[in-house]
Amino acid sequence: MKLDTYLKAKVLILDGGMGTEIIKRVDRTPEVFEILNLEKKEIILDVHRAYIDAGADIITTNTLGANRLKLREFKMESQVKELNIAAVHVAKKAVEGKEILIAGSIGPTGKLIKPLGDVDENEVYTTFEEQAKALEIGGANFLLIETQIDIQEAKIAIRAAKENTSLPVALSLSYSLEEGRTVTGSDPETASVVFSSTENEILGINCGRHPEEFEEFISKTFLHSSKPLIVYANAGIPEKRGDELFYPLGPEEYAAYAEIFYKLGANIIGGCCGTSPEHIAFISKMLRGKKPVKRKEREKFFRAASRNSILTIGGHSPFRVIGENINPFGKKKLSQEIEAEKLEQIKKYARIQEQAQADAIDVNLGKKGDKSPEFYAKVVKELQNITRLPLYLDNNNPKSLELALFSYAGKAIINSVNGAKKNYETLFPLAKKHGSSVVLLAMDENGIPDTAKGKMQIVEKLIQKAVEFGLSTDDIIADLIILTISASPKTSSETLKAIEMAKSLGIPTMLGLSNLSFGLPYRQLLHSAFLPMAISRGLDSAIMNPLDKNLMEITKACDAITGKDAGMHFYIEKFSKKPQIEAEEKEEIQNKDPEKALFLAILEGEKTKAKQYTLRLVEKGMNGFKILESILSPALAKVGELYEKKIYFLPQLILSAEAMEEASDAIEKALQIDTSASKKLKIIMATVEGDLHDIGKNIVSLVLRNSGFHVLDLGKNTKAKTIVETAIHEKADFIGLSALMTTTMEEMKKVLDIKRTKAPNIKVIVGGAAVTPSFSREIGADAYGKDAMDAIRKIEKLSGNENEF
Amino acid sequence: MFFDKVITEKEIRFTINRKAVYSLLGYRKGKTALTEKIINLIDEAYEKASELIVPQGIYVIRRIKEKGDEIKFANSKIVLKGKSMQVLLEESLAAIFFGVTIGPGIEEKISQETEKKNFDKALVFDALGSEAVEAAANFLNNHLIAQARQAKKFLTTRFSPGYGDLALDFQKEIYEELSLHDLEVEINDKSILYPQKTITGIIGVEE
């Protein structure tokens, strides 16, 4: 009987842990368990027999670490073939003609692929190739690629197994991180998208977390995968007892979890680390001969994924935006860079499109991308480290696509396959091999049909062919092509019709929006008008410019209107604004009341306006000092008040102080007066020697300067002696000192020591990240300022006291 | 995980957490009223920052040779004293010494903006730089955790000079141990690093 026949008939029982069973049977744990396949076959045979007696339908070879990269650590890389073949032979001996299947275990290489680690894809491929071939020669019934921690490595393992053996393949991932992700960050939902269309027949979960967490892993896996599921967990989280690991779940307790796996719809159930033949016996007793439970219906989506995020289109998904900006067409700088094989601009566009909330990114490198497959693949490889978004591989050369798909850690989208026979006969097998999704482009050898009917004929033919080539209809989206309206005025209505037709057939759709407006002025307006029309007919996604803020907002509004933004949650969150002065009201104030307008300009930190209104008041004949006293100072005081109440935060305080400075400068220049003459107190500011931090000190200086103090700022890394001497020379009233680190704080003491003898009347206020009020007292400073506003208060208080004397 | 090999890590990837930048700047949810001007100010700097940041990390793993009042390492002059290190490395068999920097780009930008008296921009770049180097350190830390998992080891939390009773001056020793000079990081006699947006620290490796 074959694996698939078995699977249809019943739930299969897999064996339990190998390592833990070996440890029970040996005096000394070997460094490499697989060596026992040659040297102590009887031990492995005994483990297999114990599991067969317990009722296992499948036994797993003792080859988890028998790959070249792992064995190299022990200088045993020449024994890969030997160890794997021997392992299968031992398993065969245990089977002895019974109806039991042998799973050839293939574990992770133990290395991470560049740039996360130090091995490259080809090395990983040949490593898996070698082991898979050996297991087939030995006579395994199927390959179990298990405990995988990285989806890229797992994808390569599947391909190596499929391209070099004729065995069925099961892939099982281990979500070992606390948040239920693989070591390289993929969650079960992402993995289920990636491996729903790869060539492994079975998908699964093993090892890693406590079995109670598997319920969620299984449910998430079923969201996007219909493949038979293999599940085998550890007997709980191990505790260390002396030198040994103790797995807390006994056979009965573990079997209770196995029952949950079964009820959720698992097809192959067994145990991983810490489970024993007793555990398997319990499971076997409970599940023997039962049929798999029917799973819940999956929602149909078009889907793709990067290493750690998924993209769904259609169904209940919101409208999806595929960023168009990585395309040299019409971008001089980008196209020069692509020609020179540089990546800076490309990376920049990836980043800013993600920041602008695109859902995926189209990668089109123009002719260069077609001509140089290596460069195209390099770009794709780099981009997946820059952005979390899935990529549309927009390239006409199958070689470029193949190379890029090989390196892609996820499920990419081939953009696009058209109705020309040669085209789809090359690209569908490529998509199948790499488990990628495809864009079906509504054109063929004869060009782009004028009518909706013509377009849909091509799309329907392509779907039929895709299915014939083994692709799933979940991996297909149709691009119904919008042409430039200035050249073909009928194009938009036919495209809209085609969207409607595709919608009624349940085919998800997309368009390259920017084509529409080519050659016309004010292109954004046309996009903004067309997009809602298309969405109302059922368009699910578009390749468009995510940096067009207005257009992006329109997509959000459309989601809210069409009910794809559940509870309008996203819309409300995005567009609710904190109350502000209404724009109309503002304008009125500006025209009628320049004094109030200046006050508001300071409050809002508008430098240019502050200057403009100040000059208007000066022109009107207002006294410069009066502007300072009756408008600017109260405005900044109000800002200070808002800051203290935390309604304003630091950037706003600074912007206001800067606006104030701009206004003061304008007064000084226009009226040829020195506003500092009105300032009563002089302060020397400095960051102490050895300390290079001066942002905090600059802010305090700025705020003080604009709050009626005469400030002389000596900058950073200033010698104690210089600070005191300047203060004496300038007849300063205060010294303000800043230090950020514990090592430079001590310098403050130096300043105070010198000052105490040379200028006892000058007061010192200190501040900075590391400085505390108690430190300030300890070194004899007069005050400690927590921040700029606090410093003002302290200085005013100190100078008030001084006046009393 | 290799012992005693100084490894430079140039593939450090992260996105700066916008929320953290806001809160570093003093934003309080539910209290602070944001204006479009401020949001734009931060957005523009955010975009620019990604061009200015060139993150790099460097680390070395040293086997612990001696434990007691002083912790000593094989092939290293470093000696750790004090309670903080005793606690951190209590169950460790080795320690990772690391440094992470985002390069001088942000600091040069801050100086330029300061010179132009754009203190608002200088402040925002400073906050972005702080968050970036923190994120870079997190990335390196996670990268090390992933490697440790492969080797069936566990890592302690990371600890930097200036915390607990580990003096800031200890930065000098890490600086020399890793030869941070090669990453174009400088240190002065007060143990202050340039670029300032540089983090050094220690992580314990447990079985």
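What follows draws every value from the coordinates through simple rules; no lab data is involved. Quick caveat: nothing in here was measured; it's all calculated off a predicted structure. Neighbour counts are summed over all protein chains in view; Cβ atoms, including those assigned to glycine, are modelled from backbone coordinates with ideal geometry.
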Subject >> Fraction of alpha-carbon pairs over 18 Å apart in the stretch A:122-242 - percent >> reply: 50
**OP:** Over chain A, consider all pairs of different Cα atoms and compute the Kirkwood hydrodynamic radius from their mean reciprocal separation; express it in Å, one decimal.
**Re:** 32.0
Subject >> Degrees, to the nearest 10: B:36-52 long Cα axis against longest axis of chain B >> reply: 50
**OP:** Measure up A:LYS367/B:LYS48; A:LYS719/A:LYS758; A:LYS645/B:LYS116 against 18 Å on the Cα-Cα distance and list the ones that go over.
**Re:** A:LYS367/B:LYS48; A:LYS645/B:LYS116
**OP:** Quick one: work out the % antiparallel among DSSP beta bridges in the stretch A:375-453, nearest 5.
**Re:** 10
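Where both partners of a DSSP beta bridge lie in chain A, what percent of those bridges are antiparallel, to the nearest 5?
Numbers: 9 of 81 bridges.
Of those bridges, close to 10 percent are antiparallel.
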Subject >> Using θ = phi - 60° and Karplus 6.51 cos²θ - 1.76 cosθ + 1.60, couplings along the stretch A:342-350 (whole Hz; Gly, Pro as x) >> reply: 9, 10, 4, 5, 4, 4, 4, 5, 5
**OP:** Return the sequence-ordered ³J(HN,Hα) values of the stretch A:68-85 in whole Hz as given by the Karplus equation 6.51 cos²θ - 1.76 cosθ + 1.60 applied to θ = phi - 60°, using x for Gly and Pro.
**Re:** 4, 5, 5, 5, 4, 4, 10, 6, 10, 5, 7, 9, 3, 4, 4, 5, 6, 4
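On alpha carbon coordinates alone, what is the Rg over Rh value for the stretch B:57-207, Rh being the Kirkwood radius? The partial results should precede the final answer.
Numbers: Rg = 16.7 Å, Rh = 16.3 Å.
My calculation puts Rg/Rh at 1.02.
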**OP:** Determine, from the Cβ-Cβ distance of A:GLU730 and A:GLN524 and an R0 of 51 Å, the FRET efficiency 1/(1 + (r/R0)^6), rounded to the nearest 0.05.
**Re:** 0.35
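Can you give the relative contact order of chain B as a percent, counting alpha carbon pairs under 8 Å and 6+ residues apart? Don't skip to the answer; put the middle values down first.
Numbers: 337 pairs, mean separation 57.4, N = 207.
Result for chain B is 28 percent.
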Original post:
Reachable lysines from B:LYS152, Cα under 20 Å, same-chain residues fewer than 8 places away excluded?
Top reply: A:LYS70, A:LYS75, A:LYS111, A:LYS240, B:LYS5
**OP:** Starting from the Cα gyration tensor of the stretch A:259-372, take the square roots of the eigenvalues, sort them a ≥ b ≥ c, and report rounded, prolate or oblate (rounded when a/c is under 1.5, otherwise prolate if a/b is larger than b/c, else oblate).
**Re:** prolate
Original post:
Between the stretch A:498-519 and the stretch A:238-271, what's the alpha-carbon centroid distance in Å?
Top reply: 50
**OP:** Quick one: give the max-minus-min coordinate of the C-alpha atoms of the stretch A:639-768 along each principal axis, largest first, in Å.
**Re:** 42, 34, 22
Subject >> Of A:HIS210, A:ALA610, A:SER776, farthest towards positive along the dipole that unit charges on Lys, Arg, Asp, Glu beta carbons give the protein assembly as shown >> reply: A:ALA610
**OP:** Determine, for B:PHE170, A:PHE775, A:PHE302, B:PHE154, the number of other Cβ atoms within 10 Å of each Cβ, and report the residues in order from fewest to most.
**Re:** B:PHE154, A:PHE775, B:PHE170, A:PHE302
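For the stretch A:9-66, calculate the relative contact order in percent as a whole number, restricting contacts to Cα pairs under 8 Å that are 6 or more residues apart.
Working: 43 pairs, mean separation 30.9, N = 58.
Relative contact order for the stretch A:9-66 comes out at 53 percent.
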**OP:** Compute the Rg to Rh ratio over the stretch A:363-411 from the alpha carbon atoms, using the Kirkwood formula for Rh, and round to two decimal places.
**Re:** 0.92
**OP:** Using the Karplus curve 6.51 cos²θ - 1.76 cosθ + 1.60 with θ = phi - 60°, work out ³J(HN,Hα) for each residue of the stretch B:129-145 in order, rounded to whole Hz, and write x for Gly and Pro.
**Re:** x, 4, 5, 5, 5, 5, 5, 5, 5, 4, 4, 4, 4, 5, 4, 5, 4
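Rounded to the nearest 500 deg cm²/dmol, what is the calculated helix-only ellipticity per residue at 222 nm for chain A, with -39500 (n - 2.57) per DSSP H run of length n ≥ 4? Write out the running numbers ahead of the final one.
Working: 33 runs with 388 residues, N = 805.
Per the formula, -15000 deg cm²/dmol.
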Original post:
Ranking A:LEU655, A:LEU462, B:LEU166 by Cβ neighbours within 10 Å, fewest first, what do you get?
Top reply: B:LEU166, A:LEU462, A:LEU655
**OP:** Please give the length that would be gained between A:SER633 and A:GLU253 if that part of the chain were fully extended, namely 0.36 nm times their separation in residues minus their C-alpha to C-alpha distance (nm, one decimal).
**Re:** 129.4 nm
Original post:
How big, in percent, is the set of alpha carbon pairs in the stretch A:96-159 lying more than 12 Å apart?
Top reply: 68
Original post:
Once amide H atoms are placed 1.01 Å from N in the peptide plane, what residues at a sequence separation of 5 or more from A:ILE735, or on another chain, have their amide H within under 5 Å of its amide H?
Top reply: A:ILE684, A:LYS763, A:VAL764, A:ILE765
Original post:
So how do A:GLU500, A:GLU31 line up by other beta-carbon neighbours within 10 Å, fewest first?
Top reply: A:GLU31, A:GLU500
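Cα convex hull of the stretch A:1-48: mean projected area in nm², to one decimal?
Numbers: hull surface 18.0 nm².
Reported value for the Cα convex hull: 4.5 nm².
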Original post:
With the contact rule set at Cα under 8 Å and sequence spacing of 6 or more, what percent relative contact order holds for chain A?
Top reply: 7
**OP:** Have a look at A:GLN148, A:PHE128, A:PRO115 and report the one farthest towards the positive end of the charge dipole of the stretch A:107-262, computed about the Cα centre with Cβ charges (Lys/Arg +1, Asp/Glu -1).
**Re:** A:PHE128
